[in-house]
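Sharing a structure with you now.
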Amino acid sequence: MTDEMLRAPAEVKYAEELDWLESIDDGPKPFSWRLSPRMVRLFVLGSERSDGLDREIPQKWFGDRSFVERSIVTLASDRGLLLIGDPGTGKSWLAELLSAAISRNSTLVVQGTAGTTEDHIKYSWNVSMVIAKGQSRDSMIPSPIMTAMEGGVIGRFEELTRSTSDVQDALISILSEKYVSIPELDDDNIVFAQPGFSIIATANSRDRGVNDLSSALKRRFNFVRIPVVTNKRSEAEIVRFRTVELLRRHRIELELPPTLLDILLQSFADLRAAAASARSDDEKLESALSTAEQIGVLEDAILHSNFFGDRTLRAETLAGSLVGSLARRQPEDLAILNKYWHGVIEPRSKKDGGEWVDFLEGGRQAIATLS
Amino acid sequence: MTQSPFAALREQLSDAAAAFAGTPGALSGILSGMVDDVDRALGEQLEIFPVCHHSPGSALAMARRLRDKQPEVIYLELCEDLRPVLDELRNCRLPVSLQAFATELDGFPDAWGPLSVVAPITEASAEYQAIAYALDTPGVELVLVDRSADHVFQWSPQEQPDQPADAVGMEIGDLRPRFAELEEHLLHHGKVRHWSEWWDQYVEQPLAGADYDTYRQVMVLIGSLFRRLGPDDAGRLARDEDRERYMWTRMREHLATSGADPERCLYVCGAFHAASRVEEFGLAAERTEFAITPRTATTWLYGIVPASHSAIEEQFGLAGGSVSIAAATFAKAVSRGGVKPYQLKEHASKRPARARKAASPVRREPLADRLSGFLSRPPVLDELDEAELLGWSVDIVRLARRNGYLASTADAIAVFETSILLAGMRNRARPTPYDFQDAAVTCIEKDTVPGRRDVRRLCEILLGGDRIGEVGYTAMPPLAQDVYDRLAPLGFDLKKRAVHRALLDLNADPALAPCSHLLWILHRLLPDGAVRPIMGSRRLGERSVQESWDLALGHHQRALIELGYEGVTVEQVLEQRLRRRVWDPKATAAVALEAVEDAIVFLGSRRLTEELGARAVELLAAERTVDDAPDVLRGIRRLLAHYRATEPALPDWCERFVTTGYAHYCTLLPSAFVAEDIGVRQVAAMLGFLSSMEGLALSLGCDRAQLELAVRQSHPETPGKVALLWGAQFRLGVLPLAELRERCDELLANPLVIPSFPQYISGFVQALEPAPALTPFVVEVISNAFARLPDEVLLPWLPMLITTLRQEAPELVPVLVREAGRTFPGTLAAVDAWVPPWTARPAPRAEARPVVAGGPVAELLAAHPAAIDAVAALLGCEGGWQPLGQAVPSGSGPAGALLTRHPATVTAVAELLGGGATS
C-alpha cells in the first residue's frame, strides 16, 4: 500500500512498527488509545538500549523530550493541544506522529485557511441526497473533526490561526461540551464525542496576528511551543533523516557527502546569527531559516544534481539551491546573501579550502544570475 | 520481585560504565573496582560520611547520623584557614559564602590579583548540618582539613596567565561527571534535561527513605564510578589526590595531638573523595608521609559575604532554580517529620546550650549489604506529596493571575492532573518539582507572556524563589561596621534589602555633614546603585547645602564587605586605591590629576595630594602621547583655580607641573600637528595649555621663544589643524587678523576647498581654546560662509558642519553661540537694517601725525634732540622731527570749531594759566 502512495501517512508507513509496539505494550492506556503514553513517546522519540526492547525503534521527531511528553499528557487530559512555532519546525509532523500512535489515524485533518467555514469543522449536507431523501444522518457529510468525535480518535486542525475568528470559535463548544448538535434533524440530532477524542491544532507563530485566538479558545488548549532547532547535532540528524526519506520517495540513488551537510548547517547557523542581530526586517532574510527550509534546499540540490547534473551532489549546486531558495525579495534578500557570501564564505573558503571554494563559486554565480 | 527504587540508578550506572569502559574486560574491572571502593570506604576505622553538594538527601542523612552517633570530632572537607569565620555564621541569614581574599600577593603572579575563594553554604546542605551541630554542642570539635586558600592557588596550573578572573568557587562534595560526554550520556538515557534533575530522580528520590548504610553505599558507588570514568585530565586528578593526602595527613595529625578516639569522629567529604584510592587513605595506611608545602607570604583576609541561590547556580553551572528546589525538598522532608535538623542559634538568644551529651550515642552496627535489602521494598507513597502538589497547583494559578495570565481554577485542576500524568510517563513515583513546572507551563503558558515573568519563572518563585543571604552586623569586617555606625544618624536600618531615600539638609542639620561626606566616598567606591545621589553634587569647590540620596546598601552588602578586605575605613581604602591607580604602569598624567582632585575633595590630606601631584609631574614628563591632553588641561585648570582660591601660594608640584607641561607640549607640538593619529582636539588642548598657562610658566622661568619656535616648526596638512595653526599664529601675534580674513575669503572662493571648509571651521572653533579673542572672527567666518555659498552647496554642507562641531568641539559651541548673540541683532526688524560689523570697516585713516604743540617744552626738545632721538631709535619710531612751524593749526578740526563757537571757557582757562595768547 505504501508503495502506491506518493506520501504515506505515518500510521501506514510505520504500520508494522505500531503493530509490534501494541503487541508488547502492557502499560495503562487512557480511553481508547492504541498505545500507552510511554509507548507513544517511544514511537516518536525512538528507543534506547535501556528501554529493553527486542528491536530498535528509530527516532522520528527530533527535539526536546519534554515537548513530546507535554504533548502526550495534554492529549490524555481534557484539553486540546496547540503546537505553536515558526514555520518548518516540525509541528505538523509531530501532530501526525502523535495521531498515528494514539489512534492509528492521522488523516482526519481540517486545513485552516481564510476560506474555512464552520461546515468544515462540524458538518455539511449532500445537497442531492437532501433533495431526494430529505435531511437525515445519511445525507449529512460529517467533517473530519466530527468523524474523530464519533470514533473517539484524534482530529487535527492545521494552521488554526489562518481561519477566521468565528470559525475558530466553533471549536469552543466541541472542546468544552464534547458534542455537536444538528438542529436540522428531529431525532438523533446530537453527535457525542467518544472517549479518546481530542484535537491537535497547529499555529504558525509568525502569523499569530492574522486571526488571534480568543481567550475562551486559548483556555481550552494547552500550548506547546516548538522552537527552531539550533542544536547542530540534532539538526544534522533531522536533515539526514528527512533527506533519506525524500531520496527513497523519489527513488534516487545519490550519496549525501557529510562535508556538504556540514556546509549547509554552518551556512544556516551563520544566517540565523545574522538575522538575530539584525535591527530591521530589511536587514534579515524573509525566510525563517528553519530546519524544513534546509531540507528544502538540500532536496532541491539533490533533484537538480540527479536530473541535470552528473548524479553527484556538488557544492556549487548546493550553493545555487541555497541562494535560489532564500533570495525571495529583490533586492533585500539578494543584498544580504551577497554580503554574506563575500563577508563570510569568501574568507572561510580561503582559510578552510575544500568544498567551501566550490560553494563560494556556485553561490557567486547564482547571485550574479539572479541580480 | 517488586521493582526497586535503585533499579533505575543501577541500570544507569552500569550502562554508563559499559558505554565508557572501552574494552569489554575494562567493564568488569570497573564494576569490581567500584565494589572494592565501597568496601574500602565503608570499612575504614574513621567513619566517612560521603556527601554531595546541594543535596537535601545528604543533609537529612547527616542530621540523622549526627543525632545517632553524637561524634566528638568532625573533620570537614573545607579550606582549613576558613575555620575562624565559621563562628560568625550564626549571625547570618543563609545562603552566604565564606570568603578568603587577598590583594597583597607574594608568591603569585601579580596579574592573578586579587585572589578570592568563596565557599557557599546553604541551609539544605550536609556541611551546614555538621557545622551547626559542632558549633552548638559543647565539647564537639570541628576541624577543617582541606588545603588552605593559599594552596588552592599554589596548586593551580601556573601557566594560565589569566588565572582567576573571578572568585574561585569551592564546594563541599562536588559530585558531578567529570566530562561532558558522560553527563550527556546519563541525561540522555535518564530522559532528563539537566544534571540536577538526574540527581533528583535517580539518587535523591530513591534515597529519601533509605537508611544510613544504604545512603553511604550508594554515594560511594556513584563517587567511585565518576572517579573511574574520569577524563584523562591527569592534572586535575593529581590535584584531587593531593587534596586527599592533605586531608588524611591533617586528620592523622589531629588524632595524634588530641588523642581523640577515631570511633567518635566523623569525616565529612565529597563522595568523590570517599572513593579515593591514594595510598595515604585510611588511618591504617601504610604510607603516611605527605609533605605539605608552606603557605606563601600572601596576606589572606577572611570574611562572610551574602550569596544567593541564583548566584550559586550560576557559579557552579547548575540548572536555574535547582538550588531553590533542593531547599524546598529539604524543607518538605523536615516538615514531614522524622528528623530534626540542626540550626545555629543566634548570639542574641544567649540561651545556654544544653548538654546534649546525655544522649548516648548509638554504636555502629556491623556493616551489612543494605542495598540489596532496600531493593525489595516498594517505594513509599505519601499523602503529603499529594497535598503539597495540590497546594502548588492552586498557588501557581493565583500567582499567574497576579502576573497577568488568564488562569482559573480549571487550570489548577489541569496542572495537578498533568503533573501526575507527566510523573507517570517519566517513571517517577510521585511528581517532582520539575514535573510540576512542566505541567504548569503546559497548562498556563499561552502564546505570549503578559507580564514580566513567564510561568517557568513563577514556578521558581513559588518553589522558594531566589533566596538571598544576609550577613549580620557582628560578622562583618570593621569597615562595614564603621560605615553602618557612621550612617546611623540618618535613622535608617541600612542592613535591610530596601532602597532608602535620605534627605540631608546640611544647613538645618550640620551634624549630618559627616554622613554626607561618607556617602560621597561610598558613591566613589561602591558599584553603581549602592548609594546614588539624586540631588546635590560634590566636586572641587562645590558643596551642596541640600542633598538627597537613594541608599541600597542592603542590596550591595557583598560589595561593602569586600571593601572591608582592603582596609579598616573607607578613607583608607580610597587612599590605597588612589595610590594604586597612579602607580599603575598604565597610569597617565590625566589619571593622576584626577586622583589629586579626588584626594582633595574626599580626603583633604595635603601629604597625599602632594605625593599624587608629584607623581602626575613624573607621568607627564614621561608621556610620549598627547591623547589625554584635553583631560590634563581641564584637570590642571580646575586645580589651579582651586589653589588660587584657597591657598596663599601654589603648591610646589603644581608649579613644576606647569613648567614641565610647557616644555613638554612645546616639544611635542610640531610632531602632533603632523601626526595622523592625533586629533585636532588634542592639539588644541596642547595649545590651550601653552597659552593659558603661559603667564605662570614664564614667571617660573620658561621661555616664550620655545613656543614661537614650536609653532614655526609646525606644518600641518589637514584642514582642521591648518586652521588651528592659524589661530595659534594669531594668538602669538604672528598672523594679523586682516591676513587671516583674506585667507578665509580665498578658501570660500575656491570650490575645491568648500567641501572641507567645515573642517577649517572646526579647527577655528577648537582654536578658541588657545585664542579666545578669535571668537568674533569665527562668527564672521561662519556668517560669511552662510552668506556667500549657494544653497546647493550650503544645504548638503550644513549637516556635515553640525556633526563635525558636535563631535569635535561640543563644549566650545556655546561660546560661539553667545558671541553670535552679541553680534547679530536681537529683533527681526533690526535685521533688515543691520550691517555686519566686519563689512562696515573703518575707512583707512589718513596718515595722522601727532599734533606738535609749540611751547617751551617743544622748543627745549628741539634744541637738544639727542635724548629724544636715542629714545626713538630704541622704540623703533621713524619719521623724524617735524618743524615746529608746520604744526597743524590748533583751531582746526571739530574740537577747534567747537571751541571757536564757545570761547568763554577756553579764555577763562587761559587766564587761569596765565597764558595771554588766544587763537
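The values are calculated or read from the model by the stated rules, or taken from the named source; none is laboratory data. Note that the structure is a prediction, hence the values are computed from the model and not measured. A quick note on method: Cβ atoms are made from the backbone with ideal geometry, for glycine too, and the neighbour counts reach across all protein chains shown. Ligands, DNA and RNA are excluded from the accessible area calculation, which covers all protein heavy atoms including side chains. Shrake-Rupley method; radii C 1.70, N 1.55, O 1.52, S 1.80 Å.
Could you tell me how far the Cα centroid of the stretch A:68-90 sits from the Cα centroid of the stretch B:92-134, in Å?
What the calculation gives is 46 Å, centre to centre.
Where the centroid of each part is defined by its Cα atoms, how far is the stretch B:560-632 from the stretch A:176-239 in Å?
Taking the Cα centre of the stretch A:176-239 as reference, the centre of the stretch B:560-632 is 67 Å away.
In percent, what relative contact order does chain B have, based on Cα pairs under 8 Å that are 6 or more apart in sequence?
Computed value for chain B: 10 percent relative contact order.
Right, something else. Taking 0.36 nm per intervening residue step and subtracting the Cα-Cα distance, what contour gain separates A:ASP352 from A:ILE24 on full extension?
113.0 nm
For a label point 7 Å from the Cα of B:ASP832 along Cα→C-beta, name the residues of the stretch B:783-801 whose backbone N is under 15 Å from it.
No residues fall inside that zone.
Related question: Computing the accessible area with a 1.4 Å probe over protein heavy atoms, can you report the carbon and sulfur percentage for the stretch A:232-370?
Solvent-exposed carbon and sulfur of the stretch A:232-370 make up 50 percent of the total.
Something else about it: What percentage of the solvent-accessible surface of the stretch B:383-462, computed with a 1.4 Å probe over protein heavy atoms, is contributed by carbon and sulfur atoms?
55 percent
Under the Karplus relation 6.51 cos²θ - 1.76 cosθ + 1.60, θ = phi - 60°, what is the ordered set of whole-Hz ³J(HN,Hα) values for the stretch B:617-628, x standing for Gly and Pro?
So the Karplus estimates, Gly and Pro as x, are 4, 4, 5, 5, 5, 8, 6, 10, 10, 10, 4, 8 Hz.
Using only the heavy atoms of the protein chains and a 1.4 Å probe, how would B:ILE413, A:ILE190, A:ILE172 rank by accessible area, largest first?
So, going from the largest accessible area down, we get B:ILE413, A:ILE190, A:ILE172.
Assuming 0.36 nm per residue, please report the length gained on full extension of the stretch B:VAL545 to B:HIS188 beyond their Cα-Cα distance.
Additional length available on full extension: 121.9 nm.
Can you give the FRET efficiency for A:GLU4 and A:ASP51, using 1/(1 + (r/R0)^6), R0 = 30 Å, r = Cβ-Cβ distance, to the nearest 0.05?
0.35
Short version: ³J(HN,Hα) in whole Hz for each residue of the stretch B:284-289, in order, from phi by Karplus 6.51 cos²θ - 1.76 cosθ + 1.60 (θ = phi - 60°), x for Gly and Pro, what are they?
Along the stretch B:284-289, the couplings run 9, 5, 6, 9, 10, 7 Hz.
Quick query: amide H of B:LEU735 versus all other amide H atoms, modeled in the peptide plane; which residues come in under 5 Å with a sequence gap of 5 or more or a different chain?
Those lying under 5 Å, H to H, from B:LEU735 are B:PHE730.
With a 1.4 Å probe and all protein chains in place, put A:PHE192, A:PHE67 in order of accessible area, largest first.
Ranking A:PHE192, A:PHE67 by accessible area, largest first, yields A:PHE192, A:PHE67.
Now for a separate question. I need the calculated FRET efficiency for the pair B:LEU503 and B:SER605, taking r as the beta carbon distance and R₀ as 25 Å, to the nearest 0.05.
Using R0 = 25 Å, I get an efficiency of 0.25.
Mind checking the angle between helix B:719-732 and chain B's longest principal axis? C-alpha axes, 0 to 90 degrees, to the nearest 10.
Result, in degrees: 50.
So which residues of the stretch A:75-97 lose at least 40 Å² of accessible area, probe 1.4 Å, when you go from the chain by itself to every protein chain present?
A:ARG79
Under a plain spin-label model, where a point goes 7 Å from the Cα along Cα-to-Cβ, how far apart in nm are A:GLU245 and B:THR448?
3.4 nm
Next question, about the same structure. Taking only Cα atoms, what is the 0 to 90° angle, nearest 10, from helix B:7-20's long axis to the longest principal axis of chain B?
Roughly 60 degrees between the two axes.
Would you list which lysines come within 28 Å of A:LYS60, measuring only between C-alpha atoms, while excluding same-chain residues fewer than 8 positions from it?
Once the sequence-local lysines are set aside, what remains near A:LYS60 is A:LYS13, A:LYS29, A:LYS91, A:LYS232, B:LYS191, B:LYS446.
While we're on this one: Run the numbers on the stretch B:372-508 and let me know its relative contact order in percent, using alpha-carbon pairs under 8 Å that are six or more apart.
Relative contact order for the stretch B:372-508 comes out at 19 percent.
If you average the alpha carbon positions of the stretch B:731-796 and of the stretch A:253-332, how far apart do those two centres end up, in angstrom?
57 Å
Could you go through the stretch B:654-666 in sequence order and give the Karplus-derived ³J(HN,Hα) for each residue, using 6.51 cos²θ - 1.76 cosθ + 1.60 with θ = phi - 60°, rounded to whole Hz, and x for Gly and Pro?
Each residue's phi maps through the Karplus curve to give 5, 4, 5, 4, 5, 5, 5, x, 4, 5, 5, 6, 4 Hz.
Pop the C-beta distance of B:ALA738 and B:TYR643 into the FRET formula with R0 = 30 Å and round what comes out to the nearest 0.05.
The calculated FRET efficiency here is 0.15.
How big is the A/B interface in buried accessible area, both sides summed, 1.4 Å probe, to the nearest 100 Å²?
2600 Å²
Given contacts defined as C-alpha pairs under 8 Å and at least six residues apart, what's the relative contact order of the stretch B:383-462, whole-number percent?
Dividing the mean separation by the residue count of the stretch B:383-462 yields 33 percent.
In peptide B:191-202, how many Cβ atoms from other protein chains are near each Cβ within 10 Å, on average?
1
Pop a pseudo-label 7 angstrom from the Cα along the beta-carbon direction at both B:GLU141 and B:ALA872 and give the gap in nm to one decimal.
Taking the two extended label points, one gets 11.1 nm.
Something else now. Give me the one-decimal nm value for the distance between modelled label points at B:GLN807 and A:SER214, 7 Å along each residue's Cα-to-Cβ direction.
Output for this residue pair reads 5.8 nm.
At 1.4 Å probe radius, can you tell me the per residue accessible area of the protein assembly as shown in Å²?
46 Å²
Per DSSP helix of 4 or more residues, -39500 (n - 2.57); summed, then divided by the residues of chain B. What does that give at 222 nm, rounded to the nearest 500?
The helix contribution divided over chain B gives -16500 deg cm²/dmol.
Still on this model: Determine the shielding of peptide B:436-447 by partner chains: average, over its residues, the number of Cβ atoms on other chains within 10 angstrom of each Cβ.
Per residue, the number of nearby Cβ atoms from other chains is 6 on average.
Students sometimes get this wrong: rank B:GLU386, B:GLU739 by accessible area, probe 1.4 Å, all chains present, largest first.
Heavy-atom accessible area, descending, gives B:GLU386, B:GLU739.
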